[in-house]
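The values are calculated or read from the model by the stated rules, or taken from the named source; none is laboratory data. Model, not experiment: these values are computed from the prediction. Every residue, glycine among them, receives a Cβ derived from its backbone with ideal geometry; neighbour counts consider all protein chains shown. Quick note on the areas: whole protein, heavy atoms, side chains included, nothing else; ligands and nucleic acids left out. Shrake-Rupley method; radii C 1.70, N 1.55, O 1.52, S 1.80 Å.
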Amino acid sequence: MINFDAFQPMAAIATTPQATRLLHPLCQSLKTTLYVPATLPLIDTTTCHYQGSLKDHLSTIWSKNRGFIFCLATGAVVRLIAPLLKDKASDPAIIVIDPTGQFVISLCSGHQGGADRLAQLIAHQLHATPIITGASHHLNLPAIDTLGMPLGWRKGPGDWTGVSQAIATQKTVQVIQEGGSQLWQDNLPQNHPFYFGFPEISENIEPAARIWIGATKRKFAPGSTVPKVQWYPRVLWVGLGCIRGTSQGLIAAAIEEVCQTYHLATEAIAGIATIDIKADEVGILQYCQNKQYPLLTYSADVLNSLKVPNPSEVVKQEVGTPSVAEAAAIYGANNWLTNQGEGEKIDIKKTLLVTKQIIKSDNEAVTIAIAQSELEYTGRAGKLYLVGMGPGNLEQITPAAKMAINEADAIIGYSLYLDLIKPLQRPGQIIESLPITKEKERAQRSIYLGRWGLSVAVISSGDCGIYGMAGLVLEELKNNHWDGKNPSIEVFPGITALQAAAARVGTPLMHDFCAISLSNLLTPWEVIKKRLTAAAMGDFVTALYNPRSQTRQTQIIEAQTIFLQSRDEKTPVALVRCAYRQDETIILTNLGEMLHHRIDMLTTVLIGNSSTFSYENWMITPRGYNQVRSQKSEVRSQNN
Ligand code: SAH
């Protein structure tokens, strides 16, 4: 299940028995307390009575929760929450569900409070319609006040309402992005209102609002008519050296001072980097803990490999490398996620923003240098959702898989499948498709995004663990020496092609069956042949995946020959192409004649066992053989 940690703690409120029945299972899966009035019976320990008025109860639990789910009249909810609302940066998400569970309304704090996302997730779970009234959602645009959240960007100052309004009214909004990932720019709808960079005078463009994205602290002129906002991606790595025993106070003050001097936002700091012998420096540890910064440490040898602008012979004598602050900052900026930036390959000029600065006080001293990384530090633990989307129709996808797709920051899959799940996508998601032969690259890309801190849904058709992406991702993780935790993994099963195909033709899989892929791209044909022979001899109902491609034509012919050696030519065979998709075709034939029909890579071939029979265009494998043998011979004799 998708976990709702990002929205916790939450509380739910029902005031009628019907509302209680509706919310109770939802609250159980969300791990949320359900409050009901003292007049209603408690269902179990996850429900609680509230005493006195709901108004009083709400004001007691208001500040303790990040989200509230109500199942009562919207008007009543509006009156209840009105006196408690403060501002949209801190108010909780408010969701209202109608008593029949058909609609899930994002009532308040849709963006920053997360109510829009929560409403969509709950709606998928309840099979309900989410009601989202924010303008950006309907323009298919990411909300500007939550734009950088998935990547851990920090919100700076500005007129957020003014900029949002300019976007909602589809005026031109200038975006100046000097740092952080631009992936969001690749995923905008065609008619988005953003202008990237600085327009030429000849272009005659007058932006109605401006968005700055970068580590530099911009000063907004008071009274400017153009609303502006600023996002700070966490791209600054502070390289730090200090005399033993330097206090965290001096470290904090020194970093503030250097940032101020160079007009850098402390909000854009990703973390601290230093030499490994400082890994136990109390002042640094306390400072990092306070600020929740990661601390990266490197050996003198590693730091030594960089040619920094300000090396020091004294430092070299002392710690074995001529630079701690500059070298550590540069190393951190290049290597915080992947260990790829080696000495020579690093572009020091491009990376280093602030060369070594020394700040002293009494007998303490700090050296600081600041480098900018291309990839921002997200500060988040990534997740990989390995999702099976079923055969292709949205009705055949599980609610859990829908939630995973909707929740993910990024969706990766083959373009045909991404098109099929378009209605499940939400504005602002990163969508990446790679060609059908690039499965390994797809797996690697999703792991990279997951390690970076994103939640990534990797989409397979059918079930992701049956000739799907899930195996490839786990294999690649193992090759990357994955620690089993980061990124975390969750597998969402889907209806596989053999089930989908079977359902369209009857009950061919009623008894023992097996699946065999005829693709010899990843498996030697000799092995496949051995399995075909064993399946045929074992009288298994057999589903053939990947039966024939443009370049692989003969395998299906050999498969037929193998089956004919131990199975009657009249054995029913179903050829189901594009099950549950718009161009679905179904052919019921038999083993002898199956090759007279179209079989391709969109087809699943179902070969019956010796007891399978057809009746009125249904393919039926009996549940128990003893009793059905006689029925079968009856059907045969009727047919004769
Ligand atoms: N992971 C998928 C299988 C991928 S292998 C699953 O669990 O279904 C691809 C093969 O699956 C195709 O060559 C075809 O044989 C079968 N297949 C996938 N979707 C199908 C559909 N909608 N109808 C019929 N066969 C399908």
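Given R₀ = 35 Å, what would the calculated FRET efficiency be for Glu200 paired with Thr355, taking r from the Cβ atoms and rounding to 0.05? Intermediate results must be reported in sequence, preceding the final value.
Values: r = 34 Å, r/R0 = 0.98.
For Glu200 and Thr355, the calculated efficiency is 0.55.
Taking a threshold of 28 Å on the Cα-Cα distance, which of the pairs Lys291/Lys316; Lys278/Lys349; Lys86/Lys228 fall above it? Write out the running numbers ahead of the final one.
On the way: Lys291/Lys316 30 Å; Lys278/Lys349 26 Å; Lys86/Lys228 23 Å.
Cα-Cα > 28 Å for Lys291/Lys316; rest within.
Carbon and sulfur atoms: what percent of the 1.4 Å accessible area of the range 1-132 do they account for?
Working: 3460 of 6010 Å².
After summing per-atom areas, the C and S share lands at 58 percent.
Pop the C-beta distance of Lys530 and Gln28 into the FRET formula with R0 = 45 Å and round what comes out to the nearest 0.05.
Details: r = 48 Å, r/R0 = 1.06.
Calculated transfer efficiency: 0.40.
Which whole-Hz couplings ³J(HN,Hα) result when phi for each residue of the range 586-598 is put into the Karplus expression 6.51 cos²θ - 1.76 cosθ + 1.60, θ = phi - 60°, listed in order with x for Gly and Pro?
10, 10, 9, 9, 9, 4, x, 9, 4, 7, 6, 10, 6
Summing +1 for each Lys or Arg and -1 for each Asp or Glu, what net charge is found among the other residues whose Cβ lies under 10 Å from the Cβ of Ile430?
Counting the neighbours of Ile430, the net charge comes to -3.
If you average the alpha carbon positions of the range 215-251 and of the range 388-433, how far apart do those two centres end up, in angstrom?
The range 215-251 and the range 388-433 have Cα centres separated by 38 Å.
Under a point spin-label approximation (7 Å from Cα along Cα-to-Cβ), what is the Ser63-Asn140 distance to one decimal in nm?
Simple spin-label model gives 4.4 nm for this pair.
What ranking of His127, His511 comes out by heavy-atom accessible area, probe 1.4 Å, highest first? Display every interim value, and only then the final one.
Values: His127 130, His511 55 Å².
Greatest to least solvent exposure: His127, His511.
Count the net charge of all other residues whose Cβ sits under 15 Å from the Cβ of Gly156, scoring Lys and Arg as +1 and Asp and Glu as -1. Before the final figure, lay out each step's value.
Details: positive: Arg154, Lys155, Arg210, Lys217, Arg218, Lys219, Lys228, Arg234; negative: Asp145, Asp159, Glu178, Glu267, Glu376.
Its environment carries a net charge of +3.
Using DSSP loop states and a limit of at most 12 other Cβ atoms within 10 Å to flag trypsin sites (Lys or Arg not before Pro), what is the longest stretch of the chain containing no flagged site? Intermediate results must be reported in sequence, preceding the final value.
Working: sites that count: Lys86, Lys219, Arg244, Lys485, Arg598, Arg623.
The reported range is 245-484.
Want the number for Ser90 to Thr161: 0.36 nm per residue separation, take away the alpha-carbon distance, what's left?
Stretched fully, the Ser90-Thr161 segment lengthens by 24.1 nm.
My understanding is that a pair violates if its Cα-Cα distance is over 23 Å; which of Lys155/Lys345; Lys383/Lys478; Lys307/Lys345 do that in this structure? Intermediate values should be presented prior to the final figure.
Values: Lys155/Lys345 33 Å; Lys383/Lys478 16 Å; Lys307/Lys345 11 Å.
From Lys155/Lys345; Lys383/Lys478; Lys307/Lys345, over 23 Å: Lys155/Lys345.
Say each of Lys307 and Asn393 gets a label point 7 Å from the Cα, pointing the same way as Cα to Cβ; how far apart are those two points in nm?
6.7
Per residue, what volume in Å³ does the Cα convex hull of the range 383-495 take up? Provide the component values of the computation, followed by the final result.
Numbers: hull volume 9.4 nm³, N = 113.
Expressed per residue, the convex hull around the Cα atoms of the range 383-495 is 83 Å³.
Quick one: what are the phi-derived ³J(HN,Hα) couplings along the range 352-364, Karplus 6.51/-1.76/1.60 with θ = phi - 60°, whole Hz, x for glycine and proline?
Result, rounded to whole Hz: 7, 8, 10, 6, 3, 10, 10, 10, 10, 7, 6, 9, 10.
For Lys171, give me every one of the aspartates and glutamates with a C-alpha distance below 13 angstrom, ignoring sequence neighbours fewer than eight places off in its own chain.
List returned: Glu206.
For Ala381 and Asn486 in the same chain, what is the full-extension length gain: residue separation times 0.36 nm, less their Cα-Cα distance, in nm? Kindly include the intermediate steps, with their values, before the conclusion.
Numbers: separation 105, 0.36 × 105 = 37.80 nm, distance 0.66 nm.
Value of the extension gain: 37.1 nm.
Based on the Cβ-Cβ distance from Leu42 to Gln8, what FRET efficiency comes out when R0 is 22 Å, to the nearest 0.05? Intermediate values should be presented prior to the final figure.
Working: r = 22 Å, r/R0 = 1.00.
Given R0 = 22 Å and the Cβ-Cβ separation, E is 0.50.
Tell me, what % of the accessible area of the range 358-500 is carbon and sulfur with a 1.4 angstrom probe? All intermediate terms of the calculation are to be shown ahead of the outcome.
Numbers: 2880 of 5780 Å².
For the range 358-500, the apolar C and S fraction of the accessible surface comes to 50 percent.
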